[in-house]
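Here's the structure, in structure tokens; my notes come after.
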Amino acid sequence: MNVVKNVLDRYSEGAKTRQESLCCPVDYDSRSLANLPQEIIEKDYGCGDPSRYVREGDVVLDLGSGGGKICYMAASLVGEQGRVIGVDMNDDMLALARKYQKQMAETIGSDRVEFHKAYIQDLALDVDAMENYLQEKPITNAQDLADLDAWKSQHKTQQPLIADHSVDLVISNCVLNLVDEKQKAQLVAEIFRVLKPGGRVAISDIVSDEIVPQHLQQDPSLWSGCISGAFQEYEFLQAFVDAGFNYVSYDKWDAQPWQVVEGIEFRSVTLLASKPLGTECIDRGHAVIYKGPFAKIYDDEGHVFIRGKRMAVCERTFKQLIEGDLADQFIGVQPHELLPAKNWCAPHGTERTVQETKGGLISTKTEASCC
Ligand SMILES: C[S@@+](CC[C@H](N)C(=O)[O-])C[C@H]1O[C@@H](n2cnc3c(N)ncnc32)[C@H](O)[C@@H]1O
């Protein structure tokens with residue numbers, strides 16, 4: 001089976017007429033849908049709502065933007081200072097999304113959305129630019145092919161469509177499962193490449209409870225229908241951990257499977273992850289206390305947090321835990337006096353004594369108590 005051709009054909013049809021079999025019920029915020037053209041709402045082939053993770057000012061990249069619904073929802077959330085980039089490989093889907101670009105710019109207040117033709121597993125390659133090159137230099141022999149490869153590699157280095165470290169939030173809605181198995185690791189590596197340090201991921205997709213057997217993976221209709229290319233539920237998270245992300249988690253998990261095929265459950269989930277800040281680990285005397293309810297927890301970098309103990313962390317980890325999405329699980333204890341910045345980090349599992357941290361500023365998201 002040629003995965004790209006199979007998926008192109010299926011979604012070209014989907015851009016022209018609504019395909020009931022591709023529609024997974026999603027509970028969108030009705031206020032976000034209010035401004036959208038009816039055609040965009042009807043030709044919705046998503047399985048979740050990653051737009052809820054958009055923040056004001058974000059540069060957002062939507063992988064497999066289809067009719068543009070999530071891009072337009074995100075555009076109203078990013079505000080004047082933000083920007084939304086949708087990428088899709090399908091001309092008909094891109095045409096559908098662009099059809100409403102002017103109207104949506106007027107509704108939202110400015111033109112903050114752009115759509116590009118690209119493969120989400122190769123975000124540096126501008127496929128429109130490649131097609132222009134091919135118009136001028138069609139391939140008729142092996143030398144032409146070698147020239148194209150050279151052009152691609154130069155273009156990707158010098159004018160990448162999506163540059164390294166340029167995006168605050170990568171979102172996607174029911175697309176990763178459509179990418180060829182052999183290219184899935186490259187796809188996750190591309191997400192990592194384009195994100196700024198500290199950038200976030202919010203991906204809604206379909207996962208399976210068991211590994212999907214070969215004969216189902218080779219069924220073109222099940223593949224293009226967002227079923228048999230699904231990641232297995234544990235492997236989806238692990239692919240992001242392996243690529244270097246931290247704080248990888250499921251935020252949404254549909255109790256009810258969307259489809260069951262040969263006893264395998266396929267359901268919609270939303271995965272969240274962050275790209276590490278990438279700054280050096282330097283011990284300045286900070287500590288965090290894990291509030292519980294578990295006896296101890298580990299993160300993917302190897303830190304161990306024992307419930308109720310003042311655990312040593314570097315300044316970078318302190319900021320990520322106390323200022324990030326996990327802030328309600330930890331109490332932050334700043335050093336009474338900052339230690340000199342030496343190129344040293346306390347080994348994971350080191351406890352800070354009370355004497356080391358006494359008098360340090362405490363940060364906690366818990367409501368202050370009465371006394
Ligand atoms: C199931 S639809 C989802 C569309 C949209 N995200 C939504 O919520 O309605 C999948 C979309 O991903 C696109 N797509 C699939 N594989 C792709 C790839 N490898 N590169 C770029 N786009 C891809 C398809 O063309 C299609 O528009």
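List of remarks:
- Near pairs, Cβ below 7 angstrom, 6+ apart or cross-chain, from segment 80-100 (within 16 Å of GLY14 (Cβ to Cβ)) to any residue that is near the ligand (Cβ under 9 Å from one of its atoms) and open to solvent by 60 Å² or more (accessible area, probe 1.4 Å): MET89/TYR119
- So ARG310, is it at pLDDT 95 or above and open to solvent by 20 Å² or more (accessible area, probe 1.4 Å): yes
- Qualifying residues in segment 58-79 (those that are without any contact (Cβ under 8 Å) to a residue 60 or more places away in the chain and more than 13 Å from the ligand (Cβ to nearest atom)) - the one nearest to ASP126 (Cα to Cα): ALA75
- From GLU210, GLU235, residue being in a loop (DSSP other than H, G, I, E, B) and over 25 Å from GLU20 (Cβ atoms): GLU210
- Summed over segment 40-57, residues that are within 9 Å of the ligand (Cβ to nearest atom), more than 14 Å from the chain's Cα centre (by Cα) and farther than 14 Å from ALA97 by Cβ total 1.
- Criterion applied to SER30, SER12 was being within 12 Å of the ligand (Cβ to nearest atom) and of a type in the set (S, T, N, Q), and the one residue passing it is SER12.
- Subset of segment 80-94 (residues that are under 15 Å from ILE40 (Cα atoms) and more than 8 Å from the ligand (Cβ to nearest atom)): GLY86, ASP92, LEU94
- Taking segment 105-140 as the range and being in a loop (DSSP other than H, G, I, E, B) and more than 11 Å from the ligand (Cβ to nearest atom) as the test, the residues that pass are GLY109, SER110, ASP111, ARG112, ALA124, ASP126, LYS137, PRO138, ILE139, THR140.
To keep it simple, each residue is scored yes or no on (1) more than 21 Å from the chain's Cα centre (by Cα); (2) part of a helix (DSSP H, G or I); (3) more than 21 Å from LYS99 (Cα to Cα).
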residue	(1), (2), (3)
LEU8	yes, yes, no
GLY14	yes, yes, no
SER32	no, yes, no
GLY66	no, no, no
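- Among residues of segment 214-235, those that are touching a strand residue (DSSP E or B) at 6+ places or on another chain (Cβ under 6 Å), closer than 22 Å to GLY66 by Cα and either more than 16 Å from the ligand (Cβ to nearest atom) or open to solvent by 50 Å² or more (accessible area, probe 1.4 Å) (or both), counted: 0
- If the condition is being touching a Pro at 6+ places or on another chain (Cβ under 8 Å) and within 26 Å of ASP299 (Cα to Cα), then segment 229-265 contributes GLY244, PHE245, ASN246.
- Verdict on ARG352 being surrounded by 12 or more Cβ atoms within 10 Å (Cβ to Cβ), among the basic types (Lys, Arg) and in contact with an Asp or Glu (Cβ under 9 Å, 6 or more places away or on another chain): no
The values are calculated or read from the model by the stated rules, or taken from the named source; none is laboratory data. Because the structure is predicted, anything quoted here is derived from the model rather than measured. With ideal geometry, Cβ positions are generated from the backbone for all residues, glycine too; neighbour counts draw on all protein chains shown. These accessible areas exclude ligands, DNA and RNA; they are computed on the full protein's heavy atoms, side chains included. Shrake-Rupley method; radii C 1.70, N 1.55, O 1.52, S 1.80 Å.
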